[in-house]
1. Starting from the Cα-Cα distance between Val123 and Phe224, subtract it from 0.36 nm times their residue separation and give me the gain in nm to one decimal.
2. Taking 7 Å along the Cα-to-C-beta vector as the label spot, tell me the Thr191-Ile166 distance in nanometres, rounded to one decimal.
3. Can you figure out the FRET efficiency of Val180 with Gln201, using R₀ = 22 Å and their beta-carbon distance, to the nearest 0.05?
4. Just need log10 I(q)/I(0) for the stretch 137-265 at q = 0.09, 0.10, 0.20, 0.23 Å⁻¹, Debye formula, equal scatterers on the alpha-carbon atoms, no solvent, rounded to two decimals.
5. Taking the simple approach of a point 7 Å from Cα along Cα-to-Cβ for both Leu253 and Ile139, what is their distance in nm?
6. Estimate the FRET efficiency between Lys132 and Ile86 by the formula 1/(1 + (r/R0)^6), using the beta-carbon distance for r and 45 Å for R0, to the nearest 0.05.
7. Could you work out the local net charge near Arg55, counting Lys and Arg as +1, Asp and Glu as -1, over the other residues with Cβ closer than 12 Å to its Cβ?
8. Applying 1/(1 + (r/R0)^6) with R0 = 25 Å to the Cβ-Cβ distance of Tyr79 and Met105, what FRET efficiency is obtained, to the nearest 0.05?
Amino acid sequence: MRGACWLLVLALQVVQPLLLPAIARSSSRSSARPLAVRSRMIFNLAGDDNINGYRELGLPEDATYDKVMDAFMALSETYSDDPERILTLELAKNKVLDERLKQRMSGNLAGAIASPFDERAKVRTSPFVLAKRLVQRTIKPFEVPTKAHTMACVPLLSFMTTAMLIAPRVQMLGTILMTVNSGMLIYSRNTDPLATDDYGQVGEIRPMKRKPMALTVVILAAAFFFRQFTYMKVFFGGLSLTPLTSPKTVAPLMVGASLIFVTCFFKAHGVFESDD
């Protein structure tokens, strides 16, 4: 038995050098087979001019570079187990990019940023639409006052109007103070109240916003010119002067009425898309 084992070992040692070259050749052929198959697939697909890159990637012909790459990456992950499909997608991507590059070089593909010299179609807006927009923008500053806003405006301005009636000498100063207070009330309407500390002192300073401030000035200027126009019509239109219709009586009433009206029914914030 021991002698038979020794004979088997000797036979294996003699046969092993003869079998190793054949095993190496078979392994090299098996490893080279996938590479050969891949090479044949590449040449076959590259020679296929019927491949529609946009259709393979599922994109329109005006797709951008980012959309092409996103579609290629998404489909590559979907068909990661199909080598032939991956090669088809690669060729489709390269074909699309080459075509876009040729279009760009020949000047047939417009850039992402349009040239200011390119002719653009003029869009004409109907006059009725323009009139509607104008009316909407005109009435946008108008707002019916709330009870709280009315109580903040009317008593203060009425008191100052009464003070000018009692003391005609301070009508100029009273008109200036009423105009300033009306401007503050119009500008601060529809805004958050200022934060105060425990002692009631204002704890913040807000920057002035240009558009609401400009609209406030326009509203006050309109009230001033309307008041002056009415004043001239009244006193140069043949109004008989009496103690109740004298300029010292009518002027403070006109100032108070005009400022109370614009302060109660007009606003400056919430009119523009951006108040800055």
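Throughout, read-outs are computed from the coordinates displayed, never taken from laboratory work. All values derive from a computational prediction rather than experimental measurement. Heads up, the Cβs are rebuilt from the backbone with ideal geometry, glycines too, and the neighbour counts pull from every protein chain shown.
1. Details: separation 101, 0.36 × 101 = 36.36 nm, distance 3.99 nm.
Length gained, Val123 through Phe224: 32.4 nm.
2. Label-label distance for Thr191 and Ile166, simple model: 3.1 nm.
3. On the way: r = 21 Å, r/R0 = 0.95.
Given R0 = 22 Å and the Cβ-Cβ separation, E is 0.55.
4. Values returned for q = 0.09, 0.10, 0.20, 0.23 Å⁻¹ are -0.32, -0.39, -1.22, -1.41.
5. 3.1 nm
6. The pair Lys132/Ile86 has a calculated efficiency of 0.20.
7. On the way: positive: Lys95; negative: Glu56, Glu61.
Its environment carries a net charge of -1.
8. Details: r = 32 Å, r/R0 = 1.27.
In this case the efficiency is close to 0.20.
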